[in-house]
Amino acid sequence: MVEILACLYWWAIATFCGLLVWPLTFRMLGNLHDRGYAVCRAVGLLLVGYTFWILSSLGYLKLTSTGILVAFGICAIVGWRFGETSDALIWIRENRRYVLITEMLFVVTLGFWAYVRSHNPDIFGTEKPMEFAFMNSILRNGTMPPEDPWLSGYAISYYYFGYVIIALITSFSGVTSPVGFNLGLALVFGLTAVGIFGLSYNLISRTFGNQSRCFHKNSARTMTSPFVGAIVAPVIGLFSGNLNGLLEVLHQRGLGTGEFWRWLDIKWIDYAPSLSDLWMPERYLWWWQASRVVRDRNVDGSVMVLEPITEFPLFSFLLGDLHPHLLALPFVVLAIHVALQLYVGNKKGASDVIERDAISKNSLPTIDIARLLFFGLIIGGLSFLNTWDYPIYLFVSSVGYLLGRKKVGLGHLISIGMLIVVSILLYWPFYIGFQSQAAGVLPNVFYPTRIAQFMVMFGVLLVPVVGWLIWETAKYKDWVKWRVGVYLGVGTLMFLILVSVALSMLIFTQTELEGIKFSVFGAVAREAAMSEVIKRRVIESPWTSVFLTAILVVCASLAISIINKSRVRSSVRPFVLLLLFTGCLLTLVPEFVFLRDSFGARMNTVFKFYYQAWILWSIVASYGIWRVSYYGKLGVAMLYGTIVCVVLFSGLMYSVFSVWSKTQGFTGATMIGGNRVVTLDGTAYLQQTNKSDYDAIRWINHFLYEDGVIAEAVGGSYSEYARISTYTGLATVLGWPGHELQWRGGYEEFGDRESAIETLYSTKDWSIASDIMSRYAIKYVYLGALERRDYPDHGFVKFDNHMKKIYTNETVDIYELY
Amino acid sequence: MSFTNGLEIEKDDAGIKNALWRTYSRDDIGIWFDVCWWLVFGAVGILLRFHKLGSLPLSDIEVENALLAWLIVGGQELVDINWLANSALVYFTQIIIFWVTDVANSISARVVTALCGSVLVFTPFLFGRHLGRVGACVMMALFAVSPSLVMISRTADGMAISLVCLVIALLGIERANNLKVRHGIGMVVIGLVLGIMCGRSFVIPVLFIMFILFRNTYLTKQVFETLRTSNFNGVLAYVLIGLLVVTSFFRYRYGFMVLAEPWNHWVLGWSSYSSMHSELMIPEMVFLNQPLLILLAVVGLFISQNARSIERNLLVLAICGLLYGIVYSGVQSRDVVWVIIPLYVVCARVMIWVSQSQWSGHELIVATVEGIILGSLIVFGYIVVGGQEFALRTADYGFDRNTIIQVLVLVGMLVLVVALFSAGWSARVSMVSVMIILFVFSTVWSIHRSWTMVEATNGAHANNWHKTWNTGSDKLMLKTLGNLSLRYVGHPREVDIKVMGPFNRQLAWSLRDFNNVKWSENPALVSYPSVILTPGLSESIIMDSRYMGQEFQLYHDYYAHSNIVAKDKRNSKSRPSGTNFDTIVVWTRQGDTNP
């Protein structure tokens, strides 16, 4: 009951934030059909989060209910002052149906995912400890920038804005942080679903006109009203999985030859299956493999250790990592709304969104400061939420803005420039302290993606998208301008090839890049590299690049052709094609280059780019489905619809089976005392697995008000090490070294901390231990089962002799320094 | 002979309205009467507010603001402040006073509040249009001697300033309603902005003003229209000034949070967990301090031929205030004003009706006789039942049957006297006499209560307002510390003092003049300061044998909330569950002449 109430609080707070800024959103996204109603919650949370963050960074606010109230108050004043309150309220009254559907969708998706999450709430494994540590650090510190819980004395060097927003709601709602963590997942799920629905609705409605209902002579077409069309978008984008689910089921059933499965070459299902009556895959963590469908093989045929990550939204929610790419989802959709608004432009058809009416051609356009700040806040916020998203949606917004103009002039370019400047300046305090792990671009020489695996990943989206493209091309073939498209599409491909070649040559010729050469080329000699490249890229696996280039060509051709036709501003197809184009770019780029990071492989680049491509293509797919269904001939629409349904059904197989599997058939995956427990408390499992630590952590959270560095055992990543700092938010000397290496780009900050902690626990000499404690400002020492296992007993006596024991239970002692 | 000789009483039956719109002439004796009235009661009010202003120590709420103001004036870093002040306007004015006068003590901390309280006494004059001469005089007298308003004026928690701001806002509403729209709206905005900076005490006024605006749609539209057409420029100026005030020119950055804290505090106050007071505190204060006034208001309304809806609305407001005081868990003693101010207005309007009465000489004599009898009965009743003690015993549910019977008999006799005079002569004359007597005695009683609270340095009669009072030992302790300082370092305020225990604001305020005070919860002595202060009953602190201690029973009563469950308490080691500073031990090194 308490947790249901907690869920209600979160719904109320999110809705309240949305209502606070609704007048502002109504004005700023005024050219969208729904005036941004679907994303007003995201706007509200962003504004409140930003207001709190910037004022806290300046020292004016702390993370308490009072501080959050101040942020609410400021946002309310801004929303009221710069918005159109009375018109916004009238709009709600006039569009009750849309409002009701949106609200119901949000409640259902929020509630549903909270329900799912309550059956597998454990905050353990993968990146959850890191995320939970950030959240607890923000909650405990209360000021910005928050301290890095895994490197005492330093601020977090990561994009932590999403955690600030979740921590704000957690603090204001009064729930504990483990419950807040899981409710955060549910909230993001709900916000994303509603945002995608709203975006699709806007696109469809704009194509459809101002009518909110569609009546067609053929009764089947009544199903294609904007609402129905729009609801497909969250189903595809959020609820659906990739085709790996279908493959797992087929493999489980024993269907398909060994040759086929070996040819497909997806891990764990790359062998001949045995016949079975079961539908549900039985393999432990079978659903994980959907995020690893692309398999890179080295030149010698061995599998690359660092597999490219092919995550998609449902997988992320299922896994339950509150990672930045997931936290940013609602705001990514919001950014696409902004891009659409920029594309559509001013209602009166005069000048553009950022500029007010220019008096004459010779005058500099005046700037609508409010709009500039609003859009800059949203676009720029992506860099603070998930830095990889910022350039992508800056590109979409900028190109969308230019696409929507009849004539592109200097003023428009200045507008884009100002948008970029504002979006960076608004988040300047973040940039100051941020150390990026990216360090340049490297060529992807030997690892093209096989078309089969690419289609397993994106087939659910690409089938409807390609079908729509074919239909669109066939319908308008007479006036499609292919030349421009070919130049753009093929030119893009050539450009990427050239960049890759140039980088390769640079690596081979520059001796100071010797260290990189091995990671890119392996043991392949320069002379053999070319033949290997031709073999892999031209003979064995050219089809992904070819396929994507073909889509680029068609996309660009169609878009330019539509733009050149009259009444361009009433058509959103160029914008949708832009989304498709961007998705293709995002999937084509990793075929040739990738961002250099601590992994030295394209794993992360594929992850980040494929993820955004999924979002973009899901919107395109839903639009395409509606468009063919509504405008296509009945036969074509039926055929197309059937194929799409089959594909979608295949994708949803993953959803159903994976959720069932993860939640243990909705009986609860968490065991306490032999009973399955359904709870949102992500630390409840500790009562079963480590009761002593659980009690100690609870005591620290309740009674250790004073901040201070706590020493605990140091170990590897993705383990139980750093558990105390993770679950309490107290900073520790060193958490997961691997993660710190990624964030800091080197060992300089934390080089000898691990050995210092080992010495602290092991030495019998108090003066040595005292020196270490002074050096790292350690106030508390945690002595639990892990420390007793890793360090020798003889070193513990000194703590009893020289420190004050403030807590003890069966296996845990906590000491405080005098 | 007419009672009206010398007084300007309209002889028509037009009712209150004519009395309200009467203008003055220089020859009126009434003017002199009014002037004397205002002077006398004004002086009484001011005296009650300023006399022994610093006798009671600063309460916890007052210290939050005063200590912050002192730290800012002293130029100290505010990084380690872990508490939030509760009233931006209070600490801002305290900063100015401390800085200008170079004196930081209980008196200077409260002087602005007392000034505002004094100004409040004269505010009924501003509502003369609605109250008339008589009503304004009556209200002014009630304001001047009201025990609750006196204590509010002597407590620097922002309430007195809030009431002044409320007056400004209400005046603005009144002006705006009378077609001076812009002028009025400006006053409303000023009142609201200043009031919001007063903190928790202005939450109810804001809700009240919002309620008025909600009911008065014309005015609300005018407000929004004015703000919109002015393009918010004026509001911007107010906001900027407000920012400078709440952050004290950006020295106290958490001043932003101080603006929002009242609302958070008020909402949390509805939670029963936060309840710190008895549900009957407000009724007790109202009935203890204003019993006759309540009777005056209720009876007067009942019998007044000119009772209008406005009086009934005011009575409803008073009842709402009473209910709020009972229901709201976080109620403070200052919330009694939401009951008594509507009552005062009702009483003022009842007395207007009384003053309109026309008397013949015979009626005057009858009324006087009746008044004497009633007065005697009341005095007799006070003597018999022991006055305040009876009320306290009753409030503690310590019913004394004999006393109850005596009270009932007295009440019966009072009713009998009124009935006899009503039947024998005139009901009107009888009731008017009752009203006058009630007013006179309630005023006298209020003066008595106020003076008692002001005079009592041990806070015995002000225990609803202050939870701490002087034992005298605090001054003794400070003197001892001063002497120690002279002995050790040759300066009365420079000795090293270590306080063992969590930071305590009241103690910090007491020790504010000492420049080398350090706080530490660490019981172990890493260094050996000259003087150590420890909470007297701490179990976890065992002093070094080189130190010798002297205990002082202070006025302080501080405790830390702790909701330790049994198991956690068992596992907790060396962590005190709370620290009690009402007894302090001062430790000094034995045999040291030079540290």
Rounded to the nearest 20 debye, what is the charge dipole size of the range A:690-816 about its Cα centre when +1 sits on each Lys and Arg Cβ and -1 on each Asp and Glu Cβ?
200 debye
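Net charge near A:HIS119, counting Lys/Arg +1 and Asp/Glu -1 over other residues with Cβ under 9 Å of its Cβ?
Numbers: positive: A:ARG117, A:LYS662, A:ARG676; negative: none.
Net of charged neighbours comes to +3.
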Search the structure for amide H atoms under 5 Å from the amide H of B:TRP359, placed 1.01 Å from N in the peptide plane, and list their residues when 5 or more places away or on another chain.
B:PHE3, B:THR4
Proxy exposure order for B:SER473, A:SER519, A:SER622, B:SER148 (fewest C-beta within 10 Å first) is A:SER519, B:SER473, B:SER148, A:SER622
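Per-residue mean of other chain beta-carbon atoms within 10 angstrom of the beta-carbon, peptide B:192-201?
On the way: counts 0, 0, 0, 0, 0, 0, 0, 0, 0, 0.
Averaged over the peptide's residues, the number is 0.
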Dipole of the range B:16-267, positive direction: furthest Cα of B:PRO262, B:SER146, B:LEU243, with charges on the beta-carbon
B:SER146
Checking rank on A:373-386, A:194-207, with mean other Cβ inside 10 Å and highest first, the result is A:194-207, A:373-386
Indicate, rounded to the nearest 5 percent, the antiparallel portion of the DSSP beta bridges found entirely in the range A:688-818.
65 percent
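On average, how many beta carbons from a partner chain sit within 10 Å of the beta carbon of a residue in B:248-258?
Numbers: counts 0, 0, 3, 0, 1, 7, 8, 1, 13, 11, 2.
The mean count of partner-chain Cβ atoms within 10 Å per residue comes to 4.
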Neighbouring partner chain Cβ atoms per residue of A:695-707, average, 10 Å criterion
3
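Tally the DSSP beta bridges in the protein assembly as shown and give the antiparallel ones as a percent, rounded to 5. Please list the in-between numbers first.
On the way: 30 of 41 bridges.
Beta bridges within the protein assembly as shown, antiparallel portion: roughly 75 percent.
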Taking the alpha-carbon centroid of each part, what is the distance from the range A:125-144 to the range A:364-430 in angstrom?
30 Å
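Take peptides B:403-416, B:494-507, A:642-655, A:315-328 and line them up by average Cβ neighbours within 10 Å, highest first, as a rough protection proxy. Write out the running numbers ahead of the final one.
On the way: B:403-416: 13.4, B:494-507: 20.4, A:642-655: 18.4, A:315-328: 24.0.
Result, highest mean first: A:315-328, B:494-507, A:642-655, B:403-416.
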For the range B:16-267, what class follows from the C-alpha gyration tensor (a ≥ b ≥ c being the square roots of its eigenvalues): rounded when a/c is under 1.5, otherwise prolate if a/b is larger than b/c, else oblate?
oblate
Using alpha-carbon coordinates, inclination of helix A:543-564 to the longest axis of chain A, degrees
50 degrees
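Placing +1 at every Lys and Arg Cβ and -1 at every Asp and Glu Cβ, with all other atoms neutral, what dipole size does the range A:615-760 have around its Cα centre, in debye to the nearest 20? Before the final figure, lay out each step's value.
On the way: 9 positive and 13 negative charges, 261 e Å.
It works out to roughly 1260 debye.
Which semi-axis lengths, in whole Å and largest first, follow from the square roots of five times the eigenvalues of the Cα gyration tensor of the protein assembly as shown?
Details: eigenvalues 971, 368, 151 Å².
Semi-axis lengths for the protein assembly as shown are 70, 43, 27 Å.
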Between 0 and 90 degrees, rounded to the nearest ten: what's the tilt of helix A:177-208 against the longest Cα principal axis of chain A?
10 degrees
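Quick one: net charge of A:ARG140's neighbours, Cβ under 12 Å, K/R +1, D/E -1? Mind showing how you got there, number by number?
Working: positive: A:LYS62; negative: A:GLU147, A:GLU706, A:ASP707.
With Lys, Arg at +1 and Asp, Glu at -1, the net is -2.
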Sort B:PHE380, B:PHE122 so that the residue with the fewest other Cβ atoms within 10 Å of its own Cβ comes first and the one with the most comes last.
B:PHE380, B:PHE122
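Would you calculate a helix-derived [θ] at 222 nm for the protein assembly as shown, using -39,500 (n - 2.57) for each DSSP H run of n ≥ 4 and dividing by the full residue count, to the nearest 500? Before the final figure, lay out each step's value.
On the way: 58 runs with 852 residues, N = 1413.
So the helix-based figure for the protein assembly as shown works out to -19500 deg cm²/dmol.
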Using the charge dipole of the protein assembly as shown (Lys, Arg: +1 at Cβ; Asp, Glu: -1 at Cβ; taken about the Cα centre), state which of A:SER571, B:GLN76, B:LEU131 has its Cα farthest towards the positive end.
A:SER571
Checked against the positive end of the charge dipole of the range A:737-818 (+1 on Cβ of Lys and Arg, -1 on Cβ of Asp and Glu, about the Cα centre), the farthest of A:GLY746, A:ILE757, A:VAL797 is A:VAL797
Note, the range B:129-135: 3J(HN,Hα) by Karplus (6.51, -1.76, 1.60, θ = phi - 60°), whole Hz, Gly/Pro = x, goes 4, 9, 9, x, 4, 5, x
If one takes the longest principal axis of the Cα atoms in chain A, at what angle in degrees, from 0 to 90 and to the nearest 10, does the Cα axis of helix A:603-631 lie?
40 degrees
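Pull up the DSSP beta bridges for chain A and report the antiparallel fraction as a percent, rounded to 5. Write out the running numbers ahead of the final one.
Details: 17 of 21 bridges.
Taking every DSSP beta bridge within chain A, about 80 percent pair in antiparallel fashion.
Rounding to the nearest 20 debye, state how big the charge dipole of chain A is about its Cα centre with +1 on each Lys and Arg Cβ and -1 on each Asp and Glu Cβ.
Working: 64 positive and 58 negative charges, 831 e Å.
Dipole magnitude for chain A comes out near 3980 debye.
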Specify the inter-centroid distance of the range B:45-78 and the range A:607-652, based on alpha-carbon positions, in whole Å.
71 Å
Expected sort for A:TRP268, A:TRP626 with the fewest Cβ neighbours (10 Å cutoff) up front is A:TRP268, A:TRP626
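All of the numbers you see were taken from the coordinates with simple rules; none came from a lab. Bear in mind that the values here come from a model prediction, so they are computed numbers and not experimental data. Every residue, glycine as well, gets a Cβ built from its backbone with ideal geometry; the counts of neighbours run over all protein chains shown.
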